[in-house]
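What follows is one structure encoded as structure tokens, with my remarks underneath.
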Amino acid sequence: MKLLGKRGLGILLSFMLALSLPLCASAADAAEGTPAKPAKGGWKYVKGYKLYYDKNGKLVKDVSRLIGKQPSYVIKVNKKKNCVTVYAKDGRKGYIIPVKAFPCSAGNATPITTARTPSKYRWHRLNGNCYGQWCTRIKQGYLFHSVMYGRTTNSSLSVSNYNKLGRTASHGCIRLRAGDAKWIYDNCKRGTKVIIYNSANPGPLGKPKAEKLPSWHRWDPTDPTAKSRCRKKGCH
């Protein structure tokens, strides 16, 4: 039997090496002889949304800092589940990036509607002798606003109504934690599209839970103007 020459031996060795590599390996992996591993983290399209996962494969439920302030948003309010989700735009794919979600209190009178925010108010008088902070008008008599206060001071919060966040409780407006109302006030320009709808599914980020406050806690712990009160008390 004739022995292989140097060229023939090289071809045979290359062929045997190719057979030993996994079929799913990339070119880079082939050079190392190890199979490719799918990345756990990063952006992924899931059920029509663009979601971000950390390195452990866990869904990140607030990407506002990751993507920075956007030129525009769409706000969707799930009246049935008392949950607000803010969406950013993914180019031509539209507003499919869920940025963050807030628990809220809608009301039986909250309309199922699509509107564009026409105005904002730092404080605004609400139904009855009470006031809301960081108010963004949705349409006509309906606003996004903080839970009500007895006066235009951050130490007159209605704790009983704060503790209803996540349940239907308002006269028709969308009540929010002060920090969430301020986020909309600061980041969502006049003319932002708001969609109010009903669904059994709270939204792609789920529905966050609002903290319950003791009766003496007459300020909202998410309110940046009241942080000193929490520091003084040592509560948050």
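Among the chymotrypsin sites (Phe, Trp or Tyr not before Pro) in the stretch 144-236, those placed in a DSSP loop whose Cβ has at most 11 other Cβ atoms within 10 Å are Trp216. Over the stretch 123-195, what is the relative contact order in whole percent, taking alpha-carbon pairs under 8 Å and six or more residues apart? For the stretch 123-195, the relative contact order is 30 percent.
Evaluated at 10 °C with a viscosity of 1.306 mPa s, what Stokes-Einstein diffusion coefficient in µm²/s does the stretch 78-236 have when Rh comes from the Kirkwood expression over alpha-carbon pairs? For these conditions, the coefficient is 100 µm²/s.
Sorted fewest first by neighbouring Cβ atoms within 10 angstrom, Thr225, Thr192, Thr136 come out as Thr225, Thr192, Thr136. Residues Val46, Val194 in ascending order of nearby Cβ atoms (within 10 Å, fewest first): Val46, Val194.
Read the figures in this text as sums done on the coordinates, not as results from a lab. Quick caveat: nothing in here was measured; it's all calculated off a predicted structure. Using ideal geometry, Cβ is built from the backbone for each residue, glycine included, and neighbour counts are taken over all protein chains shown.
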